[in-house]
Protein chains: 2
Amino acid sequence: MCIDEKDKPIGIFDSGVGGLTVVREVMRNIPKERIVYFGDTARVPYGSKSKETILRYSRQIVRFLRSQDVKAIVIACNTASALALEELSREITIPIIGVVKPGAKVACATTKNNRVGVIGTKGTISSGLYTDFIRQINPHIHVVGKACPLFVPLVEENWLKDPVTVEVATRYLAELKEQNIDTLILGCTHYPLLRSTIGKIMGEQVTLVNPAYETACRLRELLHEEHLMNETSLEENKNPHRFYVSDAAESFRDFANSILPCEIEKAKKINIEDY
Amino acid sequence: MCIDEKDKPIGIFDSGVGGLTVVREVMRNIPKERIVYFGDTARVPYGSKSKETILRYSRQIVRFLRSQDVKAIVIACNTASALALEELSREITIPIIGVVKPGAKVACATTKNNRVGVIGTKGTISSGLYTDFIRQINPHIHVVGKACPLFVPLVEENWLKDPVTVEVATRYLAELKEQNIDTLILGCTHYPLLRSTIGKIMGEQVTLVNPAYETACRLRELLHEEHLMNETSLEENKNPHRFYVSDAAESFRDFANSILPCEIEKAKKINIEDY
């Protein structure tokens, strides 16, 4: 393995801004890595689209990220992780991981009473994608899913600890509290931003699993295994990370700057259908 | 004009379920007309997409509706009305109208102090599409826009008069109340379902303009002018209307049944990209 290979950036993509919670965890936990992010803001949301469409979109994005010479790819989108990871893994030679498996795995290792809750968008919950992964690992685990469609727009309004958000979350989570779960997966990339509100409502006896964090940990392991870990620190003033979107670059930048540990100057809009 | 022509249905389309408020107004105000509705639920939302994309999608939908032999078309989507109506009018021979112009026209005729408010999605407000139409009619009118991104998911949760919705609406509308407007356009097809909540907050001195209703009135006029009005009553037991979507047909049907004056049995999923 030559030095050059280690110096290459990590490619991370999502259907929109939500995947920035994965970027945040990678920045915090593997701070020497450079990131190239793509948010498919023109074609968001992915949750209601067919497998065929998600696969076509994901292939375009992977081609774009490879044109940026990335050394590994993270699918920071629940839908694309569930529907496209397997095919993409067979099609490319660099390592690629998604957010669903690491989240499901840690939930299985965490639960003591074999009762796991999953919250997510309507698309994620009705597709049962976390349920399927969890059952593959341990068929004895009972999985309770609950769609929380107002959480994404509440996060995008930045009303993270607002009384409105607390009231909405209290209603959504009431069902799950009755189900005696001891582990709850935050199954949508936006939800870690509501972690403190959700944690207070669910109480101390319920462990929250953040797939964004677990994915960053899995990525760190993988870079080790493949001898791809960058060993030189990033020079802070050099803006090592790059952000691309398919639409609405300015509102993307504003949202990114509200949640990332470093300031980003701009997100560049590209025509993803050209890839 | 032969009888057959008058018997044909009206085609109505939207990016998703919102356009059903236009369907509702057509059913109420022109009850003898049959409707063929298409909701592009797989590619919703349109607000963040480019003009080129909206035009391509709208052309596909118009081709589909024409395959259903409609006699006139209503674009029940704010974005597509603003971005595609002009081109489509030139391309087809049957009458076609949108929701933006009728709403803007009535707002201009209603305001006495020349101060009009518009609420809508982020896409509608930032594109200034109502502002442009109003200024074309009367350049002296001052238009104040306010995006209300939580309204659509609140309507889709069916929390129409819920305390959470009242609190959210009170915050969103506070800015508009300060601006001394006397007329407020409900510039998103979902918002008429929040009419009573919005009306209470804005107070009696502000007239709410519902583009869905104004569009149904404009359609009635147009059918008269073109001698296309159906003169025989619909037989209630015959399910005269037809509903098509590009995805998630079941949740569409549930939403439709919660707001329409008649029960619909099913919505049929079609592959719109084939048109």
Notebook entry, point to check: How do the pairs read when you match residues in segment B:205-233 that are touching a residue at least 24 places away in the same chain (Cβ under 8 Å) with residues anywhere that are among the small types (G, A, S) and surrounded by 18 or more Cβ atoms within 10 Å (Cβ to Cβ), using Cβ under 6 Å and keeping only pairs 6 or more apart or on different chains?
Noted result: B:V209/B:G103; B:V209/B:A107; B:P211/B:G103; B:E214/B:G103
Note to self: If I filter segment A:178-186 for residues that are part of a loop (DSSP other than H, G, I, E, B), within 14 Å of chain B (Cβ to nearest Cβ) and buried (at least 16 other Cβ atoms within 10 Å of the Cβ), do I get at least one hit?
What the structure shows: no
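Open to solvent by less than 10 Å² (accessible area, probe 1.4 Å), away from chain A (no Cβ under 14 Å) and over 16 Å from B:R242 (Cα atoms), is that true of B:S89?
no
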Item checked: Candidates A:E231, A:E157 - the one that is open to solvent by 20 Å² or more (accessible area, probe 1.4 Å), within 26 Å of A:E263 (Cβ to Cβ) and within 14 Å of chain B (Cβ to nearest Cβ) -> A:E157
Note to self: Can you tell me which condition B:A216 does not meet? The list is (1) within 27 Å of B:I96 (Cβ to Cβ); (2) open to solvent by 10 Å² or more (accessible area, probe 1.4 Å); (3) modelled with pLDDT of 90 or more, and all the others hold.
What the structure shows: (2)
Note to self: Given the options B:V144, B:V166, B:V209, name the one that is among the β-branched types (V, I, T), under 12 Å from B:I119 (Cα atoms), modelled with pLDDT of 95 or more and surrounded by fewer than 20 Cβ atoms within 10 Å (Cβ to Cβ).
What the structure shows: B:V144
Check: Taking segment A:1-30 on its own, how many of its residues are surrounded by fewer than 24 Cβ atoms within 10 Å (Cβ to Cβ) and over 19 Å from A:R195 (Cβ atoms)?
Finding: 10
Notebook entry, point to check: Does A:V36 fit the bill of being in a loop (DSSP other than H, G, I, E, B) and surrounded by fewer than 24 Cβ atoms within 10 Å (Cβ to Cβ)?
Noted result: no
Next item on the list: Find the residue count for segment A:234-265, including only residues that are open to solvent by 20 Å² or more (accessible area, probe 1.4 Å) and in a loop (DSSP other than H, G, I, E, B).
Entry: 11
Check: Given (1) under 19 Å from the mean Cα position of the chain (by Cα); (2) at pLDDT below 95; (3) not in a loop (DSSP other than H, G, I, E, B), where does A:I119 come up short, assuming only one miss?
Finding: (2)
Notebook entry, point to check: Do we find a residue being more than 14 Å from chain B (Cβ to nearest Cβ) and out of contact with any strand residue (DSSP E or B) (no Cβ under 6 Å at 6 or more places or on another chain) anywhere in segment A:140-152?
Noted result: yes
Note to self: Considering only residues that are touching a Gly at 6+ places or on another chain (Cβ under 6 Å), within 14 Å of another protein chain (Cβ to nearest Cβ) and among the small types (G, A, S), which ones fall in segment A:114-139?
What the structure shows: A:G123
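Let's see how each residue does on (1) within 24 Å of A:P95 (Cα to Cα); (2) in contact with a Phe, Trp or Tyr (Cβ under 9 Å, 6 or more places away or on another chain); (3) not charged (D, E, K, R):
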site: A:Q205; (1), (2), (3): no, no, yes
site: A:N230; (1), (2), (3): yes, no, yes
site: A:R242; (1), (2), (3): yes, yes, no
site: A:F255; (1), (2), (3): no, no, yes
site: A:S258; (1), (2), (3): no, no, yes
site: A:N271; (1), (2), (3): no, no, yes
site: A:Y275; (1), (2), (3): yes, yes, yes
Check: Among (1) touching a His at 6+ places or on another chain (Cβ under 9 Å); (2) open to solvent by 20 Å² or more (accessible area, probe 1.4 Å), which single condition is B:K268 missing?
Finding: (1)
Notebook entry, point to check: Hey, any hits in segment B:53-65 for a residue that's within 14 Å of another protein chain (Cβ to nearest Cβ), open to solvent by 10 Å² or more (accessible area, probe 1.4 Å) and out of contact with any Ser or Thr (no Cβ under 9 Å at 6 or more places or on another chain)?
Noted result: yes
Check: Assuming A:V116 fulfils every condition listed in (1) open to solvent by 20 Å² or more (accessible area, probe 1.4 Å); (2) in contact with a His (Cβ under 8 Å, 6 or more places away or on another chain) apart from one, which condition is it?
Finding: (1)
Notebook entry, point to check: When B:V36 is evaluated against the numbered criteria (1) closer than 18 Å to B:P211 by Cα; (2) at pLDDT 95 or above, which criterion, by number, is the only one it fails?
Noted result: (1)
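The values are calculated or read from the model by the stated rules, or taken from the named source; none is laboratory data. Please read these numbers as outputs of a predicted model, since none were measured by experiment. Methodologically, a virtual Cβ is constructed for each residue, glycine included, from the backbone with ideal geometry; neighbour enumeration extends over all protein chains shown. Note: accessible area is taken over every heavy atom of the protein model, side chains too, but ligands, DNA and RNA are not part of it. Shrake-Rupley method; radii C 1.70, N 1.55, O 1.52, S 1.80 Å.
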